[in-house]
Amino acid sequence: MSAQSHTPPDNELKLSILASDSQYGESCRTFVFRKENHTLGNCLRTMLLLNPQVRLAGYTMPHPSEEVMHLRIQTEEGYPAQSALRQAFVDLKAHSLQLKKKFESAVQEFQSSPS
Amino acid sequence: MEFSSASVNKLSLKEFEVVNTSSYDFTGHAPGVAGNKVDPNQYKINIIKQEDLFLEFDLIGCEPSIANALRRLILSDVPTMAIEKVHIYQNTSVMQDEVLAHRLGLIPLKVDPRKFKYKEKGAPDEGTEEDTLEYSLKVKCKNKQGAGPEADSYIDDKIYTKHIQWIPKGNQEVDIGEAGPVEDDILINKLRPGHEMAMKMFAVKGQGRDHAKFSPVATVFYRLLPTINLVKDVYDQDAIRLQKCFSPGVMELEPTKNGRKKAVIIDPRDDACNRNVYRYPELADCVELGKVKDHFIFNVESTGALPPTDLVPMALDILIEKCDTFLKEIDMTNT
């Protein structure tokens, strides 16, 4: 399997922040994702809710005509929302890698078993 | 709130409602679970059935959002090759040009999309050997020599996918081998003597989210594993009625020592979960119906371009790629 990307190349940044929140400090943020939807949003939300330092996590798509997703994170004092987001991505990647490994070994096992 | 470990995992199918469905939509429900390390025993995957185009597997221990993400990714983000541009030189058939072109786009092509690159916007239709496949369709319908006006007196009156010819570009013949349609007998058009079709088709790599023709699966779906719990013993006539409430093979009647027949659950996996039991109030309180919340039974049916056992890892690769892209962006803004 080549290391080539499966998705079409995209030169612009996909992640930005909703400007209104910076006055409340580092622990409240709404992140704006371009060209993302429930596929990523719900997974991130799940990973964030498993993080004990996250107080609130939710996502929404403001309008179906635009492929934009907003992810709201509120954390404990002293733990920046951006760190929570980063941790959620790290966790999601770890879970996906684990799933991929399990799936491939399950296929191997099924194909090599005589039945 | 106290939950027993048995009920935490199961949702209950009652007569008019489904209860205990929520999967932890609040924070702090699983303290200390987050972290870089994933418990290696958290996920279990069992392949149940694997054929040419069809795959059934069990995914146990997974969060519903990740199972759904897997389903959505296979459906809309795993790429395939499909005909996108059709240059029609001649079409005197009854089917309009655009309808014909639409049908050609929907034909599944037996090509591995990983060997190709995405075509750039604004690139010419003919493309390069790295991002385009070229096909040709040239047919003319004639009368059979000396035949009467019966139905099978035409030559080339039904146009199938076998009439489509692949025109390899550059090194494609060596690198790719075969690049025809998955099936030879898909009917494209019907002609009568004198009708002619001559066209060139160009196939590119695309994703299902752009157009459904690029989706690599006929469909992919999952369901939860049903559970049936017999609370009371059921015998004879009641047992026969109870057995009929479930799908065949779920419940059987076993003879007991007294000569009566007792209802016994064999395998709730095949149950269609239609909750038929609730039509009979006297039987309704003998069983408890439910579903296991983290046991997903996946069905993947490929259209033929890629084997289904390749689709699942590709979908997970795309998810991992998304994580990498965003981690890079986050780290870029930090430094």
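The values are calculated or read from the model by the stated rules, or taken from the named source; none is laboratory data. As the structure is a prediction and not an experimental result, all values here were calculated from the model. When we count neighbours, we look across all protein chains shown, and the Cβ atoms used for this are built from the backbone with ideal geometry, even at glycine. Accessible surface areas use protein heavy atoms only, side chains included; no ligands, DNA or RNA. Shrake-Rupley method; radii C 1.70, N 1.55, O 1.52, S 1.80 Å.
Sum -39500 (n - 2.57) across every DSSP H segment of at least 4 residues in the protein assembly as shown, then divide by the residue count to get the 222 nm mean residue ellipticity, nearest 500.
Numbers: 9 runs with 117 residues, N = 450.
So the helix-based figure for the protein assembly as shown works out to -8000 deg cm²/dmol.
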Nearby aspartates and glutamates by direct alpha-carbon distance to B:LYS44 (threshold 19 angstrom, same-chain neighbours under 8 apart not counted): A:ASP91, A:GLU104, A:GLU109, B:GLU56, B:ASP58, B:GLU63, B:ASP294, B:ASP310, B:ASP317
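Quick one: if the Förster radius is 41 Å, what FRET efficiency do A:LEU97 and B:LEU187 give, using the C-beta to C-beta distance and rounding to 0.05? Can you show the working numbers first?
Numbers: r = 44 Å, r/R0 = 1.08.
For A:LEU97 and B:LEU187, the calculated efficiency is 0.40.
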When the accessible area of chain B is split by element with a 1.4 Å probe, what percent falls to carbon and sulfur? 49
Given R₀ = 45 Å, FRET efficiency for B:ASP210-B:LYS244 by Cβ-Cβ distance, to 0.05? 0.45
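Please identify every one of the trypsin sites (Lys or Arg not before Pro) in the range B:240-335 that sits in a loop by DSSP and has no more than 13 other beta carbons within 10 Å of its own beta carbon. Don't jump to the answer; show the numbers that get you there.
Details: sites: B:ARG241, B:LYS244, B:LYS257, B:ARG260, B:LYS261, B:LYS262, B:ARG269, B:ARG275, B:ARG279, B:LYS291, B:LYS293, B:LYS322, B:LYS328; in loops: B:LYS257, B:ARG260, B:ARG275.
Those that pass, being in a loop and sparsely packed, are B:LYS257, B:ARG260.
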Taking the range A:3-115, the lysine pairs whose C-alpha atoms sit under 26 Å apart (8 or more places apart or on different chains) add up to 7
Determine which aspartates and glutamates satisfy two conditions relative to B:LYS162: a Cα distance under 12 Å, and not lying fewer than 8 residues away in the same chain. B:GLU183, B:ASP184, B:ASP185
Shape of chain B from its Cα gyration tensor (a ≥ b ≥ c, root eigenvalues): rounded if a/c is under 1.5, otherwise prolate when a/b > b/c, or oblate? oblate
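Please state the equivalent ellipsoid semi-axes for the protein assembly as shown: what are the square roots of 5 times the Cα gyration tensor eigenvalues, largest first, in whole Å?
Numbers: eigenvalues 416, 272, 70 Å².
The answer is 46, 37, 19 Å, longest axis first.
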Mark the label point 7 Å from the Cα of B:ARG269 along Cα→Cβ and return the residues of the range B:303-335 whose backbone N is within less than 13 Å of it. none
Hey, can you find the accessible area per residue of the range B:185-335 for me, probe 1.4 Å, expressed in square angstrom? 46
Reduction of at least 40 Å² in accessible surface, 1.4 Å probe, comparing all protein chains with the chain by itself, residues of the range B:116-145: B:TYR118
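Summing +1 for each Lys or Arg and -1 for each Asp or Glu, what net charge is found among the other residues whose Cβ lies under 13 Å from the Cβ of B:ILE107? Intermediate results must be reported in sequence, preceding the final value.
Numbers: positive: B:ARG103, B:LYS110, B:LYS162, B:LYS213; negative: B:GLU84, B:GLU183, B:ASP184, B:ASP185.
Neighbour charge sum, excluding B:ILE107 itself: 0.
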Just check the range B:69-133 against the gyration tensor rule for me: Cα atoms, a ≥ b ≥ c as the square roots of the eigenvalues, rounded for a/c under 1.5, and otherwise prolate or oblate depending on whether a/b exceeds b/c. oblate
What does the C-alpha gyration tensor say about the overall shape of chain A? Classify as rounded when a/c is under 1.5, otherwise prolate if a/b is larger than b/c, or oblate. prolate
Relative to the longest principal axis of chain A, what angle (0 to 90°, nearest 10) does the C-alpha long axis of helix A:38-49 take? 70
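Of all the C-alpha pairs in the range B:129-232, what % are more than 18 Å from each other? Present the calculation step by step, with values, prior to reporting the outcome.
Details: 3578 of 5356 pairs.
Counting pairs separated by more than 18 Å, the tail of P(r) holds 67 percent.
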Using only Cα atoms, find the angle between the long axis of helix A:81-112 and the longest principal axis of chain A, and express it within 0 to 90 degrees, rounded to the nearest 10. 10
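What accessible area, summed over both chains, is buried at the B-A interface (1.4 Å probe, Å², nearest 100)? List each step's numbers first, then the result.
Numbers: alone 20250 and 8720 Å², together 23650 Å².
Heavy-atom accessible area buried at this interface is about 5300 Å².
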Computed from the beta carbon distance with a Förster radius of 51 Å, FRET efficiency for A:SER16 and B:GLU282 to the nearest 0.05 stands at 0.25
Listed pairs B:LYS117/B:LYS138; B:LYS293/B:LYS328; B:LYS138/B:LYS190 exceeding 24 Å between Cα atoms: B:LYS117/B:LYS138; B:LYS293/B:LYS328
Expected output is a single nm value to one decimal: the length gained when fully extending between B:LYS262 and B:LYS115, i.e. 0.36 nm times separation in residues minus the C-alpha distance. What is it? 47.0 nm
Inside 10 Å of the C-beta atoms of A:100-113, what's the mean count of C-beta atoms belonging to other chains? 6
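Multiply the residue separation of B:THR219 and B:GLU301 by 0.36 nm, subtract the distance between their alpha-carbon atoms, and state the gained length in nm to one decimal. Please report the intermediate quantities before stating the final value.
Working: separation 82, 0.36 × 82 = 29.52 nm, distance 0.57 nm.
Length gained, B:THR219 through B:GLU301: 29.0 nm.
Tell me the net charge near B:ILE188. Cut-off is 11 Å between Cβ atoms, B:ILE188 excluded, with +1 for each Lys or Arg and -1 for each Asp or Glu.
Working: positive: B:ARG103, B:LYS158, B:LYS162, B:LYS190; negative: B:ASP185.
Net of charged neighbours comes to +3.
Can you tell me how much longer the chain between B:LYS138 and B:LEU230 gets when fully stretched, taken as 0.36 nm per residue apart minus their C-alpha distance, in nm with one decimal?
Between B:LYS138 and B:LEU230, full extension yields an extra 26.6 nm.
Report the longest stretch of chain B that contains none of the GluC sites (Glu not before Pro) sitting in a DSSP loop with at most 12 other Cβ atoms within 10 Å.
On the way: sites that count: B:GLU2, B:GLU15, B:GLU17, B:GLU51, B:GLU120, B:GLU126, B:GLU150, B:GLU178.
Answer - B:179-335.
Averaged across A:32-40, how many Cβ atoms of other chains sit within 10 Å of each residue's Cβ atom?
Working: counts 0, 2, 0, 1, 2, 3, 4, 15, 8.
Mean partner-chain Cβ count within 10 Å for A:32-40: 4.
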